[in-house]
Amino acid sequence: MTTSPDVVIIGAGLAGLACGRHLADAGISFQILETSDGVGGRVRTDHFEGFLLDRGFQVLLTAYPEAQRTLDYQALDLKKFTPGALSWFAGRLNKLIDPWRTPGGWREALNSDFASFFDKLRILRLRSHLRNSSIEKIFQRPETSTKDALRSAGFSDEFIHRFFRPFFGGILLDGELESSSRMFEFVFKMLSEGDTAVPAGGMGAIPAQLAALLPPNPIRFNTHAESLRENELTLHGGESLRARAIVVAADAPAAAHLVGEAEPASRSVSCFYYSADEPPIPRPLLVLNGDGSGPVNNFAVMSQVAPSYAPPGKSLVSVTVLGTQQLTDQQLSGFVIAQMKNWFGPVVGSWRSSRSYRIPHAQPQQYPGTLEPPQRPVRVRSGVYVCGDHRDNASIHGAMLSGRRAAEAVVADLAR
Ligand SMILES: Cc1cc2nc3c(=O)[nH]c(=O)nc-3n(C[C@H](O)[C@H](O)[C@H](O)COP(=O)(O)OP(=O)(O)OC[C@H]3O[C@@H](n4cnc5c(N)ncnc54)[C@H](O)[C@@H]3O)c2cc1C
C-alpha cells in the first residue's frame, strides 16, 4: 500500500483538472491518476505534419460562465468563427447571417431566403427569451426533446431541417434532435451571448492551461484505476492506494464501472481531416448539411478560423460525421469526398486525407430526464466523490463546473 496525498483524483480531463485547481486553492494536497499519456481527456490536440488536429471538432463558447471564471482567455489567444453559418440545400450554399454581430447585417438577414419571415421572427423571440432567462432557470424548465420544443415554438419543419438539425445536431451529437430542450436552450443562450472560438494552439491548450496552474508533478500518466472497493483504489498492475478522499473524474462509462452505477448511453462522432491547397469557402463560417443527404453533418476550415492550425499555404478542413458508423475509415472518407465534390466540384479531388478520429463516447446521451436534477450529486458515499460532464451537462462548462462542485464537497467534508 502506497501512502497518498489527501485526495486522489482519477482522470485528467477538464473535470479532474478543475477539481485539482480548486483543491490547490484550498491548500489541499492531491494527485491525479490518468490512464492516457496526456491531459485533456476528450479535449486534446495532436500535432501532425504541421497541422493542429483536435480530437474531434469542438469549440469553446466564450459565454460559458465556468470557463470565464477559470480560464485566461487572453493567454489562450482565442480565434473566433464568423457568427452565422452556411447551409447546403437547393444545390447551393445559403448564408444565415447573425445580424446582431454582423455590421450592416440586418438588411441582408431580413432579405435572405434562408428562412421564412416567420421563422426569422421566431429566432428573434427565442433569442430574446433565452437571453433574459438565467442558466439556472433554463435547467429547471419542464423538459421535452429539442425537436418538440422547436415545433412548439412554431418553427417550420423546413427551417428545423435546414438549420437546427445540422447545427444543434452537430453540437448535441444528435441528428434526430431527441436531446433535452434544456441543453438546446442553454447552448443557444451561450451562442447568442458570446463568441464561438478555438485557442490558437488548438483546443488542447484549454486543459494545458488548467494543468499548468497546478502544483508541480500533480499527475501520474499511464496509470489506470482498475477498481474502487470501499475507499481503496486498485491500479492496473496491482498497486493499492488509499486517500482521505477519492474523486472519480473519469468519463461516464469508466466512472459507472468504478463507482458501481448503471452506464449511461453515449453519443458518438467521427471526424475526418483533409489538407487542401485552397479553402472551399471564403470565410471562417461553420458549414452545415441542410439537405440531409450524405454522411457529412458539418464542416469547418479550421485554418481560416486560426491560421496556426495549418502550415503556410495549406488549409485544414475538419469534417464531422455523426455516429461512428460501420464503414472503414477509407470507405467513409470516400463517401465524404464524394459529397464534398458534389458541393465544391472536382477540386476536392486534390484534398489530401489526413488523420481521422472515431469517438465512441463523445458525450453522454442527454435525452429528457437525464438532466434531472440539473446538478446530480457529486458525493457518492463517505470519502468517494464523482465529477465529469455526466454530473452537470455535456460541455466544457459542465465538466469544469462539476469539478469545482466535487472539490467544494471534498473541502467541506475534510474540514469536519
Ligand atoms: C468530438 C467532441 C466534440 C465536442 N464538442 C464540444 C463543444 O464544441 N463544446 C463543448 O462545450 N463541449 C464539447 N464536447 C464535450 C466536452 O469535450 C466534454 O463534455 C468534456 O471535455 C468532458 O470532460 P470530462 O473531464 O468530464 O471527461 P473526459 O474529458 O472524458 O476526462 C476523463 C479523463 O479520465 C481518464 N480516465 C478514464 N478512466 C480512467 C481510469 N480508470 N483511470 C485513470 N484515468 C481514467 C480519461 O483518460 C480522461 O482523460 C465535445 C466532445 C467531443 C468528444
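The values are calculated or read from the model by the stated rules, or taken from the named source; none is laboratory data. Every value quoted in this text rests on a predicted model; they were computed, and no experiment measured them. Neighbour counts run over all protein chains shown; Cβ positions are idealised from the backbone, glycine included. Accessible surface is based on the protein model in full, side chains and every heavy atom, while ligands, DNA and RNA are left aside. Shrake-Rupley method; radii C 1.70, N 1.55, O 1.52, S 1.80 Å.
List of remarks:
- The alpha carbons of region 133-288 occupy a box of 58, 47, 28 Å along the principal axes, longest dimension given first.
- Each semi-axis of the equivalent ellipsoid for the chain is √(5λ) with λ an eigenvalue of the Cα gyration tensor; in descending order they amount to 37, 25, 19 Å.
- For region 285-342, the alpha-carbon coordinates run over 34, 24, 21 Å along the three principal axes, in decreasing order.
- Residue among Gly369, Gly11, Gly403 with the largest mean-square fluctuation in a Gaussian network model of the chain, springs linking Cα atoms under 10 Å: Gly369
- Across q = 0.15 Å⁻¹, region 75-210 modelled as identical point scatterers on its alpha-carbon atoms has Debye log10 I(q)/I(0) values of -0.83, in the order of the q list.
- Cross-link partners for Lys120 among the aspartates and glutamates, with Cα-Cα distance under 14 Å and sequence neighbours closer than 8 places in the same chain left out: Asp98, Glu108, Asp157, Glu158.
- Using every pair of separate Cα atoms, the Kirkwood estimate puts the hydrodynamic radius of region 211-356 at 18.9 angstrom.
- The separation of region 111-135 from region 1-75, counted between C-alpha centres, amounts to 35 Å.
- Qualifying lysines (Cα of each under 25 Å from Cα of Lys314; at least 8 residues distant if same chain): Lys79, Lys80, Lys95, Lys341
- Residue among Ser192, Ser152, Ser356 with the largest mean-square fluctuation in a Gaussian network model of the chain, springs linking Cα atoms under 10 Å: Ser152
- Of the DSSP H helices in the chain, those whose Cα atoms cover at least 15 Å axially and whose Kyte score averages -0.5 or more: 14-25, 117-131, 181-193, 329-344, 396-414
- Region 222-279-region 352-390 distance, computed between alpha-carbon centres (Å): 10
- Applying the Kirkwood pairwise sum to the alpha-carbon positions of region 158-232 produces a hydrodynamic radius of 16.5 angstrom.
- 10 Å binning of all Cα-Cα separations within region 4-115, expressed as whole percents from 0 upward: 11, 26, 27, 19, 11, 5, 0
- Looking at region 141-222, the chymotrypsin sites (Phe, Trp or Tyr not before Pro) that sit in a DSSP loop and have at most 15 other Cβ atoms within 10 Å of their own Cβ are Phe221.
- With the convex hull constructed from alpha-carbon coordinates only, region 280-415 shows a mean projected area of 12.0 nm² over all directions.
- Probe 1.4 Å - accessible area at Tyr64, Å² to nearest ten: 20
- Projecting the Cα atoms of Leu126, Leu327, Val287 onto the dipole axis of the chain, where Lys and Arg carry +1 and Asp and Glu carry -1 at the beta carbon, places Leu126 farthest toward the positive end.
- Backbone HN-Hα couplings from phi across region 354-366 [Karplus 6.51/-1.76/1.60, Hz, Gly and Pro as x]: 10, 7, 9, 10, 10, 10, x, 10, 8, 8, x, 5, 10
- Summed over the residues of region 296-416 and divided among them, the accessible surface reaches 40 Å² per residue at a probe radius of 1.4 Å.
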